[in-house]
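The values are calculated or read from the model by the stated rules, or taken from the named source; none is laboratory data. Predicted model, so just to flag it, every value in this text is computed and none were measured. Every residue, glycine among them, receives a Cβ derived from its backbone with ideal geometry; neighbour counts consider all protein chains shown. Heads up: the accessible areas ignore ligands, DNA and RNA and are worked out on the full protein's heavy atoms, side chains in. Shrake-Rupley method; radii C 1.70, N 1.55, O 1.52, S 1.80 Å.
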Amino acid sequence: MTPRDLLVTLFDAGVKAVSGEDAVTNALTAKPCPTPDHIIAVGKAATAMARAAHALFPDAPILIVTKYGHSGGAPEAAEIIEAAHPVLDDNSLAGGARISAVVRDMHADSHLLMLVSGGASALAENPMAGLTLADMTSKAQALLASGADIHAMNAARKEMSAIKGGKLLAGFGGASVTTLAISDVEGDSLDVIGSGIGAAPKTPGFDFDPRIVASNAIARAAVVKTAMDQGLTLQVNAETLYDDINAIAPQIAETLKNGAPGLYVFGGEPTVILPPNPGQGGRNQALALLLARDMAGTADVRILVAGTDGTDGPTDAAGAIVDGALWEDSGHFALERADAGIWLDARAALLKTGPTGTNVMDLVIALKS
Ligand SMILES: Nc1ncnc2c1ncn2[C@@H]1O[C@H](COP(=O)(O)OP(=O)(O)O)[C@@H](O)[C@H]1O
Ligand SMILES: O=C(O)[C@@H](CO)OP(=O)(O)O
């Protein structure tokens, strides 16, 4: 296996361990929930999670609200709404309205199964009275471009929303709710995932069983296990990617240059400050290009940087694979213009997986020989 193939194999193993389908099947096999009267799946991994729930409860009606292009393979009878991400659009309002209606209309002894994954914040929205779609999109765009982390983004979203931060389930009049969530946030808190669309206020008037069924830590553990099965030595496994990419790249480069041969795995979700009129890329492609710069001239390290959802920013690449031989000075211009995607594509360094059916933030996997 080439080093590049090995990196892709390790990434695939990490993603598979947190796949929407396996996460839901395993959770409901380990601890079953009551037969749902309705299944609501919302987020980028909604289709995969819904498929697993449908296999267990084939008669339950299903509503899927997911990103454009992410509903392939959905159960035939499912009601599907596709919407925009990371900045919401009219369809996000349609998704939010439909979710609200389903929850509101459930009868007194009903059970609701909520399947939540990252992206739900933008994909389904119901603005507080007096706010328009334009109010919400301009706020989201400003926060995204300012490098705000997901906690700051979601605090603002909860204030403007009538269905986030536990407000959706506050309108549930049934008997019980099971929320299964795939975490794409630091700390794996249900209040933050999808801005808390599947969370409940402190003492809900129904039986509530919330569970985190997949996370970045679970993905990294699978990467490490697969690598060790191949005889590699683990040097670092850490969830430290929670800073600006310009701060993170030199730190990782130092660790790799000074460290022993073997496997280095980092997880998290770095932030990016975008220039006006950014080019093509995402935070993983930008971080990959920074690492190519910082590792330039080295011969013993190869690094994969990718989003586990398979779509890095508004592009069709998951991320990139770089090494010390890739860098050229034109990379500086690509970095300034936030155009890493074009630069990496021209050098056949992009990693394209297509939507993966899960989303547990990002992975940096490095092999030092
Ligand atoms: N041209 C670009 N270069 C680098 N980062 C970008 C670019 N365009 C968008 N981004 C970043 O992509 C992120 C949104 O990507 P996305 O993968 O959809 O989000 P998430 O993984 O949080 O769901 C934002 O952090 C944004 O700053
Ligand atoms: O939906 C959201 O609020 C967040 C966190 O779950 O996900 P994303 O960063 O994909 O928008």
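Quick one: net charge around Lys257, please, counting Lys, Arg +1 and Asp, Glu -1 for every other residue with C-beta under 15 Å from its C-beta. Spelling it out: positives minus negatives among the neighbours equals -1.
Whole Å is fine, so just give me how far the alpha carbon centre of the stretch 151-212 lies from that of the stretch 238-257. The two parts, judged by their Cα centres, are 31 Å apart. On a per residue basis, the convex hull of the C-alpha atoms belonging to the chain measures out at 125 Å³.
Only helices enter this figure: runs of n ≥ 4 DSSP H residues, each worth -39500 (n - 2.57), summed and divided by the residues of the chain, yield -11000 deg cm²/dmol at 222 nm to the nearest 500.
In this structure, Ala97 and Ala260 have a Cβ-Cβ separation that, at R0 = 56 Å, corresponds to a calculated FRET efficiency of about 0.50. Electrostatic tally near Ala108: other residues with Cβ closer than 14 Å to its Cβ, Lys and Arg +1, Asp and Glu -1, net -3.
Looking at the stretch 1-86, the pairs of alpha carbons with a distance over 22 Å make up 35% of the total.
Looking at the chain alone, DSSP beta bridges between its own residues are antiparallel in about 40 percent of cases.
Annotation: amide H of Thr271 within the under-5 Å range of Asp243, Asp244, Ile245, sequence separation 5 or more or interchain, hydrogens built in the peptide plane.
Sorted largest first by accessible area at a 1.4 angstrom probe radius, with every protein chain in place, the residues Asp243, Asp309, Asp323 fall in the order Asp243, Asp323, Asp309. Using 0.36 nm per residue, how much length does the chain from Ile342 to Gln251 gain when fully extended, once their Cα-Cα distance is taken away? Between Ile342 and Gln251, full extension yields 30.3 nm more. The distance separating the Cα centre of the stretch 60-91 from that of the stretch 112-128 comes to 11 Å. Listed values for the stretch 83-90 are Karplus-derived 3J(HN,Hα) couplings in whole Hz (6.51 cos²θ - 1.76 cosθ + 1.60, θ = phi - 60°), namely 9, 8, 8, x, 9, 5, 9, 4, and x replaces Gly and Pro.
Length gain on complete extension for the stretch Ala145 to Lys16, per 0.36 nm per residue less the alpha carbon to alpha carbon distance?
Contour length minus Cα-Cα distance gives 43.3 nm.
Multiplying the residue separation of Asp135 and Thr233 by 0.36 nm and subtracting their alpha-carbon distance yields 30.2 nm.
For Asp184, the residues whose modelled amide H falls within less than 5 Å of its own, excluding neighbours fewer than 5 places apart on the same chain, are Gly118.
Over the stretch 181-321, what is the relative contact order in whole percent, taking alpha-carbon pairs under 8 Å and six or more residues apart? About 19 percent, as a whole number. For the chain, the relative contact order works out to 17 percent when only alpha carbon pairs closer than 8 Å and six or more residues apart are counted.
Please report the net charge: other residues with Cβ closer than 13 Å to the Cβ of Leu287, K and R +1, D and E -1. Numbers along the way, then the final one.
Values: positive: Arg283, Arg293; negative: Asp243, Asp244, Glu269, Asp294, Asp312, Asp362.
Its environment carries a net charge of -4.
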